[in-house]
Amino acid sequence: MRDIGINEKQEDIYRTLIKNGEMTITDLARKLGIKRPTLYLAIDELIMYGLISDKKQNRKRVLSAIHPRRLLQIARLKTSAVENLVPELIAEYELPANKPKIDVYQGEKGVKNLYEELNESLSNKNEALFISDFSAIKEKIPSALLSFKKMIRVIHNPKIRELIVKNEGGLLWEKELRPLRGKSYKIQFLPANKEFGSTDICILDNTVFMFSMEKADVFVVRIQSEQIAKTYKALFEIAWK
């Protein structure tokens, strides 16, 4: 039974119920010498496996074993799950080790992931590069701006450069940041006559975060790739100059 994930205590419980038929929790604990908290946990897992059932009888919880054929069903299910997983693992194993890692998040989760990495990177004196439309950010995820301000108050003189779309939101953001910015925090405006999408891009170490702020929701694409980050950094430098 160990082969299908049943531990020794669970096996003892199952075998005892097969031999003795229906038993109460009290009788089972006395028979096996198992403390009740441990017994309850083991019983719940066996019920989840479908190996025992319980019912109320005269206000007592009565347990009974399911037919041992259930063990074969569990074994087949586990084998089937492994067989389905193996092709996917083989495909990942055979891909190059330096392949880009791409994750897509929806809503606040993506913002949280960015700020966790941003906080760690800036604390280690690395530089973060942004290309931002703050009108879109303020409309879709205003909490992100508050979190960002709190973070740069804590990190001493963070190394940040921002290219901001020169619209009402961008101008207001630059004004709000003036008291908080240190010498290493620099901002330049992107031309107002260019059409930018409702996006935000952060280049951080070997990772690029790309925000798409659609009408319905916010999506964040996280691409971890040294080569892709290198290209975006080069494009940022061209735009900065």
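The values are calculated or read from the model by the stated rules, or taken from the named source; none is laboratory data. Remember, predicted model here, so these are calculated numbers, not experimental data. Here the Cβ positions follow ideal geometry from the backbone for every residue, glycine too, while neighbour counts run over all protein chains shown.
Tabulated results
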| read-out | value |
| --- | --- |
| Any hit, segment 166-184, residues being under 26 Å from Glu108 (Cβ atoms), part of a strand (DSSP E or B) and touching a residue at least 24 places away in the same chain (Cβ under 8 Å) | no |
| Residue count, segment 152-165 (criterion: surrounded by fewer than 16 Cβ atoms within 10 Å (Cβ to Cβ) and part of a helix (DSSP H, G or I)) | 2 |
| Index of the failed condition, Tyr14 passing every other in (1) free of Cβ contacts under 8 Å to residues at least 40 places away in the same chain; (2) surrounded by 11 or more Cβ atoms within 10 Å (Cβ to Cβ) | (1) |
| Members of segment 112-137 that are within 23 Å of the chain's Cα centre (by Cα) and among the aliphatic types (A, V, I, L, M) | Leu114, Leu118, Leu122, Ala128, Ile137 |
| Scan of segment 114-126 for residues that are touching a residue at least 40 places away in the same chain (Cβ under 8 Å) and surrounded by fewer than 16 Cβ atoms within 10 Å (Cβ to Cβ), ordered by number | Asn126 |
| Segment 152-174, residues that are farther than 12 Å from Tyr185 by Cβ and among the aliphatic types (A, V, I, L, M) | Val154, Leu163, Ile164, Val165, Leu171, Leu172 |
| Hits in segment 34-81 (condition: among the small types (Gly, Ala, Ser), over 30 Å from the mean Cα position of the chain (by Cα) and either surrounded by fewer than 14 Cβ atoms within 10 Å (Cβ to Cβ) or not in a strand (DSSP E or B) (or both)) | Gly50, Ala75 |
| Subset tally (residues that are polar (S, T, N, Q) and over 23 Å from Ala192 (Cα atoms)) for segment 127-156 | 2 |
| Breaking point among (1) over 20 Å from Asn157 (Cα atoms); (2) surrounded by fewer than 17 Cβ atoms within 10 Å (Cβ to Cβ), for Ala229 | (2) |
| Condition check for Ser143: hydroxyl-bearing (Ser, Thr, Tyr), over 17 Å from Trp240 (Cβ atoms) and in contact with a Phe, Trp or Tyr (Cβ under 8 Å, 6 or more places away or on another chain) | no |
| Any hit, segment 180-198, residues being under 23 Å from Ser123 (Cβ atoms), in contact with an Asp or Glu (Cβ under 6 Å, 6 or more places away or on another chain) and surrounded by 14 or more Cβ atoms within 10 Å (Cβ to Cβ) | yes |
| Sole residue being at pLDDT below 85, closer than 20 Å to Ile223 by Cα and among the β-branched types (Val, Ile, Thr), chosen from Val86, Val111, Val104 | Val111 |
| Within segment 17-33, tally of residues that are surrounded by fewer than 17 Cβ atoms within 10 Å (Cβ to Cβ) and touching a residue at least 40 places away in the same chain (Cβ under 8 Å) | 3 |
| Segment 166-177, residues that are within 14 Å of Ile137 (Cα to Cα), surrounded by fewer than 19 Cβ atoms within 10 Å (Cβ to Cβ) and not polar (S, T, N, Q) | Lys166, Glu168, Leu171, Leu172, Glu174 |
| Enumerated strands (runs of 3 or more DSSP E) restricted to segment 189-240, each holding at least 2 residues that are over 27 Å from Leu172 (Cβ atoms) | 218-224 |
